[in-house]
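Enquirer: Once you've had a glance at the structure underneath, I'll fire off some questions.
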Amino acid sequence: MSEESERSIGLLSGNGELVDDFTAQYADHDVRVFRSVDAVRGEGTILLAIDADLFETNDLIQFHLSRLRKKLQDVPVLLILRVGHLEGLDHEWFYDEFVLYPFRKSELGSRVRRLLWDKNLLDDENTIAIGNIKINLSEYAIYLNGEKLDFTYKEFELLRLLAQNRGVVFSRKDLLARIWGVEYIGGTRTVDVHIRRLRGKLGDEFNSIIETVRNVGYRCRVQGGG
């Protein structure tokens, strides 16, 4: 673990075993350990995980969460709880997600990455972000404002191709050959039908990102990049 990092995960905990488990299960970023609320620093911290067991009562958890939110503002907060905390958990507290300790296999990493994904803080070569649209290449999934949408394989590939080649104009024949293959016997109208379906699923967000080039085809606007 490094004491200072340009982009690190902060962990507020006085429990050495928990710290070891956390760093063993999450290795995507350096982890900076804070032993007290006053020691927490926001510079370079992209997410703060807080061990609720550091505080004796639920009132103290709420109080210190409020203090930390004012200090960290937009930094997402992951609350680490024991089963005994669940009964007194208040969803109005200042945290974004919680995870139970002891950690279950892969759960911690999944929750951290999800929080970073939601806040556009995740460095991931398998993700294309354009405005409020996120294309997850490894999952073959498309998210709009954090909600997963239902797309067919061809719809996904069409949006992926346009998004990965921002500013490039593709004719309908180009798109047909790349997505459907050179031996596809259908006409170029197939492309228009799929574009229309994409428009229906993504609504105004799609219209502001994918541009129709009259009498030619389609392109992804360069200024829509993320």
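The values are calculated or read from the model by the stated rules, or taken from the named source; none is laboratory data. Nothing here was measured: the structure is a model prediction, and the numbers come from that model. Here the Cβ positions follow ideal geometry from the backbone for every residue, glycine too, while neighbour counts run over all protein chains shown.
Enquirer: Has segment 109-127 got at least one residue that is assigned to a strand (DSSP E or B) and in contact (Cβ under 8 Å) with a residue 24 or more places away in the chain?
Expert: no
Enquirer: Right, another one. Which of (1) free of Cβ contacts under 8 Å to residues at least 24 places away in the same chain; (2) of a type in the set (S, T, N, Q); (3) surrounded by fewer than 13 Cβ atoms within 10 Å (Cβ to Cβ) does Thr23 not meet, given it meets every other one?
Expert: (3) is the only condition that Thr23 fails.
Enquirer: Another one. Which one of the conditions (1) outside any loop (DSSP other than H, G, I, E, B); (2) within 22 Å of Leu108 (Cβ to Cβ); (3) modelled with pLDDT under 95 does Ser5 fail to meet, given that it meets all the rest?
Expert: Among (1) outside any loop (DSSP other than H, G, I, E, B); (2) within 22 Å of Leu108 (Cβ to Cβ); (3) modelled with pLDDT under 95, Ser5 violates only (1).
Enquirer: State yes or no: is Leu144 among the aliphatic types (A, V, I, L, M), surrounded by 12 or more Cβ atoms within 10 Å (Cβ to Cβ), modelled with pLDDT of 90 or more and not assigned by TED's automatic domain parsing to the domain that holds Val99? If you could, list the steps in order and put the result at the bottom.
Expert: Working: among the aliphatic types (A, V, I, L, M): yes; surrounded by 12 or more Cβ atoms within 10 Å (Cβ to Cβ): yes; modelled with pLDDT of 90 or more: no; not assigned by TED's automatic domain parsing to the domain that holds Val99: yes.
Judged against the criteria, Leu144 is not a match.
Enquirer: Quick one: in segment 136-160, which of the residues that are among the hydroxyl-bearing types (Ser, Thr, Tyr) and in a loop (DSSP other than H, G, I, E, B) is farthest from the chain's Cα centre (by Cα)?
Expert: Across segment 136-160, the extreme among qualifying residues is Thr152.
Enquirer: May I pose another question? If Asp59 satisfies all but one of (1) surrounded by fewer than 18 Cβ atoms within 10 Å (Cβ to Cβ); (2) touching a residue at least 12 places away in the same chain (Cβ under 8 Å); (3) of a type outside the set (Lys, Arg), what's the number of the condition it fails?
Expert: Exception for Asp59: condition (2).
Enquirer: Okay, moving on. Taking segment 181-226 on its own, how many of its residues are modelled with pLDDT of 90 or more, in a helix (DSSP H, G or I) and touching a Gly at 6+ places or on another chain (Cβ under 9 Å)?
Expert: Within segment 181-226, residues that are modelled with pLDDT of 90 or more, in a helix (DSSP H, G or I) and touching a Gly at 6+ places or on another chain (Cβ under 9 Å) number 1.
Enquirer: Turning to a different aspect of this structure: How about segment 136-162: which of its residues are among the aliphatic types (A, V, I, L, M) and over 11 Å from Leu202 (Cβ atoms)?
Expert: Leu137, Ala141, Leu158, Leu161, Leu162
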